[in-house]
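Below is one structure, written out as structure tokens, with a few remarks after it.
The values are calculated or read from the model by the stated rules, or taken from the named source; none is laboratory data. If you're wondering where the values come from, they're calculated on a predicted model, not measured in any experiment. As a convention, Cβ positions derive from the backbone with ideal geometry for all residues, glycine included, and neighbour counts pool all protein chains shown. Quick note on the areas: whole protein, heavy atoms, side chains included, nothing else; ligands and nucleic acids left out. Shrake-Rupley method; radii C 1.70, N 1.55, O 1.52, S 1.80 Å.
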Amino acid sequence: MDNVECLMEFGLTRHEASLYVLLTLEGNLNGYEAAKLSGISRSNTYNALAGLVDKGAARMQEEDTVKYTPVPVEEFCNNKIRH
């Protein structure tokens, strides 16, 4: 089982899981950067990033543009297990 499939076991969609992996590898990204690097359409990327924030897997950072930063894997997994 790969990382994306494992994350889907924690309730993330395939796009959310793919973007979470991307964020953990690349660091803070805005929606445009995440879409370009992932190959996911921009509209699906923004929806998936919003889902990551709602599910506690990412945080929004307001800078010149809104950037998304991943919650550390251990923290995200522990929170999901606790709930």
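Mind checking the dipole of the chain: about its Cα centre, +1 per Lys or Arg Cβ, -1 per Asp or Glu Cβ, Debye to the nearest 20? Walk me through the numbers before you get to the answer.
Numbers: 8 positive and 12 negative charges, 37 e Å.
Dipole size: approximately 180 debye.
Tell me, what ³J(HN,Hα) does each residue in region 38-55 have, in order and in whole Hz, if you take phi through Karplus 6.51 cos²θ - 1.76 cosθ + 1.60 with θ = phi - 60° and put x for Gly and Pro?
These are the phi-based 3J(HN,Hα) values: 8, x, 8, 4, 4, 5, 5, 5, 4, 5, 5, 5, 4, x, 4, 5, 4, 8 Hz.
Within 10 Å, count the other beta carbons around each residue, average over each peptide in 41-52, 2-13, and list them highest first.
Output ranking for 41-52, 2-13: 41-52, 2-13.
Using 0.36 nm per residue, how much length does the chain from Asn28 to Glu74 gain when fully extended, once their Cα-Cα distance is taken away? Intermediate results must be reported in sequence, preceding the final value.
Details: separation 46, 0.36 × 46 = 16.56 nm, distance 1.77 nm.
Extending this stretch completely gives an extra 14.8 nm.
Please enumerate, by chain and number, the lysines with C-alpha under 17 Å from the C-alpha of Lys36, excluding those fewer than 8 residues away in the same chain.
Here the lysines satisfying the reach criterion relative to Lys36 are Lys67.
From the helices alone, meaning DSSP H stretches of at least four residues, give me the mean residue ellipticity at 222 nm for the chain, per-run term -39500 (n - 2.57), in deg cm²/dmol to the nearest 500.
-17500 deg cm²/dmol
Provide the per residue accessible area, probe 1.4 Å, for the chain, rounded to a whole number of square angstrom.
Numbers: 5060 Å² over 83 residues.
That works out to 61 Å² per residue.
Pop out the carbon and sulfur fraction of the accessible area of the chain as a percent, whole number, probe 1.4 Å. Mind dumping the intermediate values first?
Values: 2460 of 5060 Å².
Carbon-and-sulfur percentage of accessible area, whole number: 49.
Calculate, in nm to one decimal, what Arg14 and Asp64 gain on full extension: separation in residues at 0.36 nm each, minus their alpha carbon distance.
Details: separation 50, 0.36 × 50 = 18.00 nm, distance 2.86 nm.
Gain on extension, Arg14 to Asp64, equals 15.1 nm.
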